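Working notes for the structure below.
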Amino acid sequence: MLGIAVISLLSATLPAATFGVSDFGARGDGRTDDGPAIRAALNAAAEAGEPSRIVFERRTYRLEPWDGSWFALYLADARDVVLDGHGAAFLVHPATRVLFLDRCERVTVRNFRIDYDPLPYTQGSVLEVASDRAWFTLHLDDGYPDLPAQTWVEANGGAGDWRHGVFADPTGRFMHAWVPVGRVERVAGAARTYRVTPPASARDSLAKVAVGHRFAMRVPCITADRKRKLFAQGSGQNDLGVFQFGGPLANIRLAHTRDCVLEGIDQLMAPDMGVHLFDTWNTRLQRIRSLRKPGTNRLMAGMSDGVHCKGNLSGPIFDECHFEALGDDSINISHHPEVVVEQRSPRELLTQYSDIMWFDSPLQPGDELEAFDPVEGTVVGRASAENVQFVQNQQRLVTLDRDLPGLREAGSGSFDDAVQLYRVPRERFVIRSCRFRSQLKTAMLVRTTGLVEGNDVRDCAYGVTAYNCERFREGPYPRDLAIRGNRFERIWIGAINILTLAPKLRAPLGDGIVIERNRIRQHDGSGIDLTQLADVVLRDNRVEIDAATPSHWLPVHLTHCGRVTIDGLRIDDPRPGTPAAVTLDRMGLASLAVEGLRARMAPGVPGVAAR
């Protein structure tokens, strides 16, 4: 925190060269492709060798696809640069994305608005649902794009490009229901009406869907030719098989950056993620907003995560951000591990980075690694990477500074069972004073150490969720996490859910989890749900459950936990079917210390009960 403030102050006191994008030919008329002019300004600032400012006017700058990158704007190896939008808008073609900061330091991007033309998604109302849930028909709203023919989709990347569609109730409030879209066909004789067929495995998702519900889905628009041009793979000694620019993952992507700031950016649409942070240090996000465009009937502000963070060793720090109408999580923070493919000696390992998007490994010499056994649920040990040698995309030869004998290898077997090596963060993330509104999944999915404080969360599927996923290979297991002073309301599945997962876990795992001074009001969902955790403190929380909430949702539910302290908990739950204010599964009362529990329950419902 102090380091960022000092850096900002020093940069502000140094003379800055100013580069106006209009001086390089940017017109800002919303029609002309201003990408070439803005890229020229970026290059000039990066080459200036001194603090510099790139200045925009309060105009609309159109960004069209560029063959040099998935991103219309690309800034690499820059230092002490400010991109000041002064309220400018980027109007972006859906076959491109906005900005990639690559290996930059002390770069600030502020005061922009992002939208797309044409829109990268369409929306409409459900007219009919098949009795066997094999399909439904969709009538598109006026002003939203038609869908391309199925033959075009298959010729330009296959049905996988559709990804999933999102349902909402007639008021636009998201439902925890979505389907991968397998096939789309026009309905003969019905204008702008389509039959949408999900894969057979996804038909149960239509059980909640009825006539009049709303549906939104992406519109594929990236041609196979553009993919061939930009999904280039390296063939040299140090980039064998590496995708040179990655895929079109986010409006703004930061990779391998230090001390960068994103401030005052409104994202009215994101075809994928809003912001993607990969292997960054000290990134600060201030007043970043993902929101439905005012004055429109849009259902969506983004088709995937609001901010997706992977492998960041310090932070990020979120302040006063706002997220709504997203087709996945609002904030997703985690690490993908290096999976042990082969242990050639107690100190020399062949590893493979397990990221599902094929980004290359961020592992560097000096990184501290924690070896976690995802089957047994045990920490094998810690060591530092003394040497890291590139083998090919995602694979490294790693020499440790100490012995870690007996690591389970993947070899020719399953990567799911192999020991995972997680980079240990140097500093925790912070999510503070943010607002989360109706969206598809989790407001804050936080699979690493950090602080969640003073946030307001409503109408999401989950509020705060933390867990290691042994099959998806994301983690690490939950620990050193503070969830403090937040407000949760109408969270459909659970306000606070924290789990340690491992098939053969014998004893609860974890430490340093503090949940305190949170206010939870539920109409359909649980309050606090903890599974297989140790050393947890719940202090001065309040959980209120509505009388109409189904009985299977519990105020506080602990499963196979150990050394849990509950102090000053208040629960209001009038439902007669509730097992207890605090319900215990696979654990006894001896694992729990309770003081100051105030529970207003239906007659006969106990304060604490094991079942």
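The values are calculated or read from the model by the stated rules, or taken from the named source; none is laboratory data. All values reported here derive from a predicted model rather than from experimental measurement. Please note: Cβ atoms are built from the backbone with ideal geometry, for glycine as well, and neighbour counts cover all protein chains shown.
Numbers at a glance
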read-out: Failed criterion for Ala48 (all others in (1) modelled with pLDDT of 95 or more; (2) over 30 Å from the mean Cα position of the chain (by Cα) hold); value: (1)
read-out: Residues that are assigned to a loop (DSSP other than H, G, I, E, B), among the aliphatic types (A, V, I, L, M) and under 20 Å from Asp132 (Cβ atoms), drawn from the range 198-239; value: Val209, Ala210, Val211
read-out: Subset tally (residues that are among the basic types (Lys, Arg) and closer than 16 Å to Trp553 by Cβ) for the range 576-611; value: 1
read-out: Residue list for the range 575-596, filter: surrounded by fewer than 16 Cβ atoms within 10 Å (Cβ to Cβ) and assigned to a loop (DSSP other than H, G, I, E, B); value: Pro576, Gly577, Arg586, Gly588, Gly596
read-out: Entirely in the range 368-479, the strands (runs of 3 or more DSSP E) that have 2 or more residues that are in contact (Cβ under 8 Å) with a residue 60 or more places away in the chain and out of contact with any Pro (no Cβ under 7 Å at 6 or more places or on another chain); value: 378-392, 429-432, 442-446
read-out: Single residue of Leu326, Leu313 found to be surrounded by fewer than 23 Cβ atoms within 10 Å (Cβ to Cβ) and of a type in the set (A, V, I, L, M, F, W, C); value: Leu313
read-out: Qualifying positions in the range 385-410 - of a type in the set (Gly, Ala, Ser) and loosely packed, with under 14 Cβ neighbours inside 10 Å; value: Gly406
read-out: From Ala200, Ala188, Ala207, residue being closer than 18 Å to Phe174 by Cβ and not assigned by TED's automatic domain parsing to the domain that holds Ala95; value: Ala207
read-out: Any strands (runs of 3 or more DSSP E) falling wholly within the range 81-151 and containing at least 3 residues that are of a type in the set (A, V, I, L, M) and surrounded by fewer than 23 Cβ atoms within 10 Å (Cβ to Cβ); value: 121-129
read-out: Residue within the range 506-515 that is over 18 Å from Ala482 (Cβ atoms), surrounded by fewer than 16 Cβ atoms within 10 Å (Cβ to Cβ), touching a residue at least 12 places away in the same chain (Cβ under 8 Å) and among the basic types (Lys, Arg) present; value: yes
read-out: Residue within the range 215-235 that is buried (at least 16 other Cβ atoms within 10 Å of the Cβ) and among the aromatic types (Phe, Trp, Tyr) present; value: yes
